[in-house]
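Sending over a structure as structure tokens; questions will come in a sec.
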Amino acid sequence: METVFDFVKEQRDDYRTRTVQIAEGYEFSQYETLRTIELYHNSRFLSGNKDTLDREKPFFNICKFRVNVATRATDLDTKDVQIQSERITDKSYVETFLLNLKNRNWMKSSGFARFLNRMGATRAKYGGVLIKKTEHDDKLELHVVPWLNVITDQVDIRNGVKIERHYHSPADLQTLAPKNWTNIEKAIETAKTSRAAHAADPTGMENKTPGDYIEVYEVHGVLPTCYLRGTSDKYGEEYGSENEYQRQMHVVVLDETTVKDKSNVKGVTLFAGLEDDDPYKYLPYEEVDGRGLGVGVIEDLFEAQVWTNDGVKHKKDMLELAGKIIFQTADKNIAARNVLTDVETGSILEHAPDKPVTQLNNFPASLPAFDKLIDDWNTQAERVSSTFNAITGESMPSGTPFRQVAILNQEAGSLFEYRREEAGLFVHEIYFDWLLPYLVQQIKKDKELVATLEPDELELVSDALAKKEVNDFAKEQILSGAIPDPIDLQGIDAAARESSMRQSRRAFVGFQDLFSDWAGTVDVITTGEQKNKAVVLETLFNVFKTVATAPQLLQDPVMARLFNQIVEIAGISPVLLQGHKPAMPTPVAPAAPEALPETVAS
């Protein structure tokens, strides 16, 4: 019966050697494609950087700066992510206000800005980005998986099995491994045995780890349940079946001394168990039917890079030949064989009649043709990758019409904007599937939400606190039989505002009645793809200008709703502007405001 060790070994070997037929005459290997991308990005030839005469070959890199251009043009920032209300209610606005505060804290603590930068660079360079979610100690983190350390299904990355390779030192496994990992010492001993076997017979197995590091395979996917058999007391020796499949996670170390035995590969299991959902998400750069990995900027330039290097190599060889000064003569009596070593300055050479010593003309007449060839391939690279001079910032050729430059810039920018919108929708999916449930869970779990407020947010909270102080004082006066003095109420309001405005870092409490039905009431706007923000804002703002001429119209519920929609689409929570109307407190006991939970200073 096949085990998880057999499966990992088979997937590892097949990933390196097998190809996928996309169409007749088109064989695709994800391993070779990623290897070529990495070499080209670092100016390395597939066949080595020296020619047959052991001379360095010039690598004229036309890929790297174009990857940088695509990365910048498709970049997403944390400011592009806005959580907005789907329902026009005070409760929904409060929920989005608190979610934005919690989301801001999480972005800072998790390094979300760096994550977005790396996600964009990886997607443009390799043709796709694989994202992984991890949760440890009640903290959710997002990671960009390195393509060179992962094995995936070459046809369907999104739904196929993913196998990550990690390298750990013995000390790391002993001190940093999760508490539910077992057999740590056995794994360390197995790795030592494998290295010793490799040292005794270097041809018998491939050395996988540098130094004393241990190669650990992390497996996620839908697998036969028999792979769990015997991994723990929970999954006994009779557990599972070869014909029953469930989503699983395994962390294993292979015994490299047994990998030649295809039917009985052995290893050590550090962890094994069932999984609820897939911890990975995948976004291609340019999706291609028949293969999982998308086409990125460098793969688009494979052909242009090869022939650009070929032209530069021929040009270099010609210039080296042209730089040599060679003499010729038919006189066999001239003893000098090399003018640099056999002839001194002022020497007189004698030659036979009609057999003079002349310089050989070795100027490369075809040099301009190779310059033209290199320019042609550079033009092809511009068209394939949409990195025209207009978008890279380089000067256009003299006499180029301005309109043509504008059209080229618009065309190139539209492609990158499309890629950016795809990335925005991908982040939208990440938020709805992973981050929003996590943020809501954390808000409901925590007794308070501590956040550093922006000036407008601080003004809102100060306003809410001042109202609460005024309400509490008015209640006490009325219950004692007195009528609150408006002057006293104004003094309490001013003192509370002044004290509160000094505290920009706040703790919010009182979430018991919130987030009971948040799903479907909030939305995440990224890059404006979900809404044509400019058009909506223009329409609503025209309506609001009419209202601005008559402020009393805001007392109308319809006008108030329009106002709330305008400010939220503009990226400002309507909660921030509630209660800012300069109304005098009345000497009655008003109800506590429902638009914002109770707030206290941290």
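Within the stretch 63-71, is even one residue charged (D, E, K, R) and either within 21 Å of the chain's Cα centre (by Cα) or farther than 30 Å from Leu319 by Cα (or both)?
Kept after step one, since they are charged (D, E, K, R), are these residues of the stretch 63-71: 64, 66.
Next, only the ones that are either within 21 Å of the chain's Cα centre (by Cα) or farther than 30 Å from Leu319 by Cα (or both) stay: 64, 66.
Yes, the stretch 63-71 contains at least one residue that is charged (D, E, K, R) and either within 21 Å of the chain's Cα centre (by Cα) or farther than 30 Å from Leu319 by Cα (or both).
Could I ask something else about it? Among the residues that make up the stretch 397-412, is at least one of them farther than 30 Å from Gln328 by Cβ, part of a helix (DSSP H, G or I), at pLDDT 75 or above and in contact with a Ser or Thr (Cβ under 8 Å, 6 or more places away or on another chain)? Before the answer, list the steps.
Here is the first cut: in the stretch 397-412, the ones farther than 30 Å from Gln328 by Cβ are 397-412.
Applying the additional criterion that residues be part of a helix (DSSP H, G or I) yields 402-412.
Still in the list and also at pLDDT 75 or above: none.
So far as the stretch 397-412 goes, no, none of its residues is farther than 30 Å from Gln328 by Cβ, part of a helix (DSSP H, G or I), at pLDDT 75 or above and in contact with a Ser or Thr (Cβ under 8 Å, 6 or more places away or on another chain).
Condition first: touching a helix residue (DSSP H, G or I) at 6+ places or on another chain (Cβ under 8 Å), open to solvent by less than 60 Å² (accessible area, probe 1.4 Å) and in a loop (DSSP other than H, G, I, E, B). Can you find one or more residues in the stretch 77-86 that meet it?
Here is the first cut: in the stretch 77-86, the residues touching a helix residue (DSSP H, G or I) at 6+ places or on another chain (Cβ under 8 Å) are 77-78, 80-86.
Still in the running and open to solvent by less than 60 Å² (accessible area, probe 1.4 Å): 77-78, 80-85.
Then keep just the ones that are in a loop (DSSP other than H, G, I, E, B); that gives 77.
The answer is yes; a qualifying residue exists.
Now a separate question. Look through the stretch 235-256, keep the residues that are touching a residue at least 24 places away in the same chain (Cβ under 8 Å) and either of a type in the set (Gly, Ala, Ser) or over 14 Å from Val268 (Cβ atoms) (or both), and return whichever of them is surrounded by the fewest Cβ atoms within 10 Å (Cβ to Cβ).
Residues of the stretch 235-256 touching a residue at least 24 places away in the same chain (Cβ under 8 Å): 235, 242, 246-256.
If we keep only those that are either of a type in the set (Gly, Ala, Ser) or over 14 Å from Val268 (Cβ atoms) (or both) as well, we get 235, 242, 246-249.
On the way: Tyr235: 19, Glu242: 11, Gln246: 13, Arg247: 13, Gln248: 23, Met249: 15.
So the residue we want is Glu242.
While we're looking at this one, here's another question. In this structure, is Thr19 β-branched (Val, Ile, Thr), farther than 30 Å from Phe271 by Cβ and open to solvent by 40 Å² or more (accessible area, probe 1.4 Å)?
Values: β-branched (Val, Ile, Thr): yes; farther than 30 Å from Phe271 by Cβ: yes; open to solvent by 40 Å² or more (accessible area, probe 1.4 Å): yes.
Criteria met by Thr19.
Only one residue in Ala322, Ala330, Ala352 is open to solvent by less than 70 Å² (accessible area, probe 1.4 Å), among the small types (Gly, Ala, Ser) and in contact (Cβ under 8 Å) with a residue 40 or more places away in the chain, so which one is that?
Numbers: Ala330 fails: in contact (Cβ under 8 Å) with a residue 40 or more places away in the chain; Ala352 fails: in contact (Cβ under 8 Å) with a residue 40 or more places away in the chain.
Matching residue, one of Ala322, Ala330, Ala352: Ala322.
To continue, here is another question. Give me the pairs: first residue in the stretch 45-64 and in a helix (DSSP H, G or I) and surrounded by 10 or more Cβ atoms within 10 Å (Cβ to Cβ), second residue of a type outside the set (Val, Ile, Thr) and at pLDDT 90 or above, beta-carbon distance under 7 Å, and six or more apart or on different chains, which are they?
Lys64/His41
The values are calculated or read from the model by the stated rules, or taken from the named source; none is laboratory data. Given the structure is predicted, the values throughout are model-derived calculations rather than measurements. Cβ: placed from backbone, ideal geometry, glycine included. Neighbour counts: every protein chain shown. Keep in mind that these areas ignore ligands, DNA and RNA; they rest on the heavy atoms of the full protein, side chains included. Shrake-Rupley method; radii C 1.70, N 1.55, O 1.52, S 1.80 Å.
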